[in-house]
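Readers should treat all values here as calculations from the given coordinates under stated rules, not as data from a laboratory. Since the structure is predicted, the reported quantities are computational estimates derived from the model, not experimental observations. Please note: Cβ atoms are built from the backbone with ideal geometry, for glycine as well, and neighbour counts cover all protein chains shown.
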């Protein structure tokens, strides 16, 4: 594998609109080199029989049934609004005509 050059780091920094000093450029070049070495090690692992996953830890959503219920605090909630018109919330206009 080729070594990450300062020029490559400068180019990527330019494309990402990052301003890096010389010390940061050297540091990032070393860090990127270590990352690529680690990826090279990972490429050696046999993953032929490993199923595709989107994350390392299984995440399960807990759903509840939506139940409609009447509320008797409409007036209280409407009184909390910063601006009102009749029985509605008044919000700033976001679209021009």
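Residue-by-condition table, conditions (1) touching a helix residue (DSSP H, G or I) at 6+ places or on another chain (Cβ under 6 Å); (2) assigned to a loop (DSSP other than H, G, I, E, B):
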position: 9; (1), (2): yes, no
position: 13; (1), (2): no, no
position: 39; (1), (2): no, no
position: 56; (1), (2): no, yes
position: 64; (1), (2): no, yes
position: 71; (1), (2): no, yes
position: 93; (1), (2): no, yes
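Screening 77, 35, 25 for residues that are in contact with a helix residue (DSSP H, G or I) (Cβ under 6 Å, 6 or more places away or on another chain), surrounded by 10 or more Cβ atoms within 10 Å (Cβ to Cβ), assigned to a helix (DSSP H, G or I) and without any contact (Cβ under 8 Å) to a residue 40 or more places away in the chain leaves exactly one candidate, 25.
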